[in-house]
C-alpha cells in the first residue's frame with residue numbers, strides 16, 4: 001500500500017512511518033518544521049480496493065450511511081468540541097472492512113472516503129488542521145487502520161479502548177447515579193419552572209426508580225425564549241432555587257442544573273464586560289459566543305459553576321452548547337490578551353479547570369454533555385453523554401444511542417429525553433422506551449398527568465431496565481444492519497442476552513438465557529434455534545400474554561407491540 005502526504009507549506013517537513021501489526025496498520029505522522037509555523041491543511045492519503053463494501057459509519061452522521069464518490073466523499077469531522085476521529089467502511093453483513101481512527105481527538109481534522117469511479121478503489125484521506133490552529137514547532141499523530149474481518153461493533157470498541165489506554169485520553173469517573181434513570185424537565189416544562197411543580201415531579205419520579213431531576217433552561221431568566229439573558233446565571237426564573245434543591249433532596253432525588261457554557265446575551269450585566277471577547281453572534285445579534293482563549297473568560301465561567309455547586313448544593317451540571325466554541329473570521333485576528341491561539345486548546349483548558357474544580361468539591365459530581373461533543377477527548381471532562389434533541393423520535397434516539405455506545409467505553413450514554421402525547425397508546429409509548437434500553441433513560445413527561453395505561457408501561461419498562469441494567473449497559477453491544485441505522489441490537493453478559501427487534505423480527509437463541517423485546521411494527525417475532533425452550537410473553541405493561549414451548553427450529557410467536565418474551 002502506498003501512503004503519501006499532500007500539503008502546502010508544511011509538506012517538506014512532513015514524514016510518515018508505516019508499521020503493520022497483523023490486521024492493524026499504524027501510520028505515524030510527524031511534522032518537524034525548522035521554526036514555529038501556523039499550519040495549513042495537510043493530508044495523508046491512500047487508496048483501497050472496494051471489495052465487499054456496502055456502507056460507512058461515523059459517530060455523528062445520522063441516517064447518511066451509504067457510500068459516496070470520491071468527488072463528494074463521506075466525511076467524519078472531528079475536533080475537541082465536536083465529533084470523534086473514527087470512520088468505518090462496513091460490508092453488508094456487518095463485517096468491518098476498514099476502520100480509520102486517529103490518536104489526536106483535539107486537533108480539527110476530517111476523515112474522508114469516496115469511491116474512485118474509474119478504478120473501483122476507495123480514496124481515503126485524513127486531513128489535519130481543517131480549522132485555524134496556533135503555531136506549532138512539531139506535531140505527531142497516529143492513524144490506526146483496522147482491516148480485521150470482525151463485527152464492526154467489536155472493532156469500534158477496540159478503537160475506544162485504544163484512545164483510553166494508548167492515546168492518553170482517560171475518561172472521567174462515572175458515579176453509579178449517572179447510570180440510573182432521570183427525569184429531565186426540558187420537554188415537560190421548558191422554561192416555565194416553579195418550585196412546587198418541580199418538587200412534586202421529583203416526588204412522583206421516585207416510585208418509577210428515577211434518581212435525579214434535571215432542571216433545564218429557564219431557571220436563570222424571567223424572560224422566556226432565546227438566550228439573550230444568559231451570562232449572569234442568577235435564579236431570576238426560579239428565585240427559590242436553593243429551597244427547591246433542598247426539597248428535591250428531601251424527596252429522595254438528586255438534582256442537576258443546566259448552563260449554556262458559551263452564550264452571553266446582550267441583556268446580561270456581564271455583556272459589557274466581555275463584549276469584546278467573543279467569537280461571533282447568534283439569534284439576530286442578541287447572543288454572543290464567548291472566546292475561551294481569554295484567561296478571564298475561563299476564570300469567569302469556572303467560578304459560575306463552582307459557586308452554583310456550593311451555594312445550591314447541586315449534584316451535577318448539564319453543560320450545554322460546547323460545540324458552539326468554534327472559529328470565525330474575527331477569531332483569526334491576533335490579540336495579546338489571549339493566552340491561547342487555538343480555540344480547541346482553550347476549550348480543553350476550560351473544561352479541565354471546570355472538571356478539576358467541581359470534583360474537588362464533590363468527587364461524584366455528574367457532568368452531562370450532549371451530541372455533538374461526544375469524543376474521547378471530551379470524555380475526560382464529562383461522565384454522561386446524551387443523545388441530541390429528537391422529541392418523540394424513537395428511530396433517531398435508538399440510532400444515536402447505539403452510535404454513542406460503540407465508542408464511549410464505560411461513560412454513561414443517555415437517551416434524549418422521552419416525551420409523548422397523553423392521548424397516544426401505551427404500545428406506542430413502549431416503542432420509545434424499548435428504543436432506549438441500551439442507554440440510561442431520561443424521561444420528560446408530566447408524570448401525574450399520564451393516563452393509567454401509559455403509567456403502567458413506563459413503570460414496567462423502567463423496572464425492567466433497572467433490573468437488567470448490568471446487561472443492558474454493562475454487556476457487549478452488537479447491532480445489525482448499520483446501513484439502515486440498525487434493524488436489531490442485543491447486549492450480552494455472563495450468558496444472558498437481551499435482544500431488541502426493531503425492523504428485523506428474527507431473533508436467534510444463542511446464549512444460556514434470552515429476553516426479546518418487540519419494538520417492531522408487527523405482533524410477531526420469529527425465534528431461531530430455540531426448539532425445546534419454554535417461553536412466557538408479556539404485554540408492554542408487563543401483563544402476562546401467553547406461555548408455551550418452542551417446537552421447531554424456527555417458530556413464530558405472537559408478541560404484542562412493545563411486549564417481551566422471557567425464556568427459561
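If a spin label sat at a point 7 angstrom from the Cα of residue 16 along the line to its beta carbon, the backbone N atoms of the range 34-57 nearer than 20 Å would be those of 39-51. In this simple spin-label approximation, residue 37 and residue 50 carry label points 7 Å from Cα along the Cα→Cβ vector, and these lie 3.5 nm apart.
Restricting to Cα pairs below 8 Å that are 6+ residues apart, what does the relative contact order work out to for the range 4-166? Please round to a whole percent.
28
By the Cα gyration tensor, the range 90-240 has an equivalent ellipsoid whose semi-axes, rounded to whole angstrom, run 44, 23, 17 from largest to smallest. Distance from the C-alpha centroid of the range 218-243 to that of the range 448-480: 33 Å, rounded to the whole angstrom. Here the gap between residue 410 and residue 296, fully extended at 0.36 nm per residue and compared with their Cα-Cα distance, gives a gain of 37.7 nm. When the alpha-carbon atoms of the range 476-567 are used, the pair Rg, Dmax equals 12.3, 35 angstrom.
The relative contact order of the range 177-223, computed from alpha carbon pairs under 8 Å that lie at least 6 residues apart in sequence, is 59 percent. Distance between the pseudo-spin-label points of residue 534 and residue 135 (7 Å out from Cα toward the beta carbon): 7.7 nm.
Most tightly packed first, judged by the mean number of other beta-carbon atoms within 10 Å of their residues, the peptides 182-188, 445-451 read 182-188, 445-451.
At full extension, residue 543 and residue 513 could sit 8.7 nm farther apart than now, given 0.36 nm per residue minus the alpha carbon distance.
Note that the chain carries a Kirkwood radius of 25.1 Å, evaluated over its alpha carbons pair by pair.
Based on Cα contacts under 8 Å between residues 6+ apart, the chain shows a relative contact order of 12 percent.
When N is the residue count of the range 4-166, what does its C-alpha Rg come to as a fraction of 2.2 N^0.38 Å? Could you put the intermediate results ahead of the total?
Numbers: Rg = 15.4 Å, N = 163, 2.2 N^0.38 = 15.2 Å.
After normalising by residue count via 2.2 N^0.38 Å, the value is 1.01.
Counting DSSP beta bridges in the chain, what percent are antiparallel, to the nearest 5?
Of the beta bridges lying entirely in the chain, close to 70 percent run antiparallel.
I need the per residue convex hull volume for the range 180-472, using only the alpha carbons, in cubic angstrom as a whole number.
Residue-normalised Cα hull volume stands at 128 Å³.
Between residue 196 and residue 118, the distance separating the two model label sites (each 7 Å from Cα on the Cα→Cβ line) works out to 7.6 nm. Using just its DSSP H runs of length 4 or more, each adding -39500 (n - 2.57), the chain gives a mean residue ellipticity at 222 nm of -6500 deg cm²/dmol after division by all residues.
So what's the convex hull volume per residue for the Cα atoms of the range 361-408, in Å³? Can you show the working numbers first?
Numbers: hull volume 3.9 nm³, N = 48.
It is 82 Å³ per residue.
Read-outs: derived from the displayed coordinates by stated rules, not from any lab. Only a predicted model underlies this, so the values are computations on that prediction, with no experimental measurement involved. Quick reminder, even Gly has a Cβ in these numbers, built from the backbone with ideal geometry, and neighbours come from all protein chains shown.
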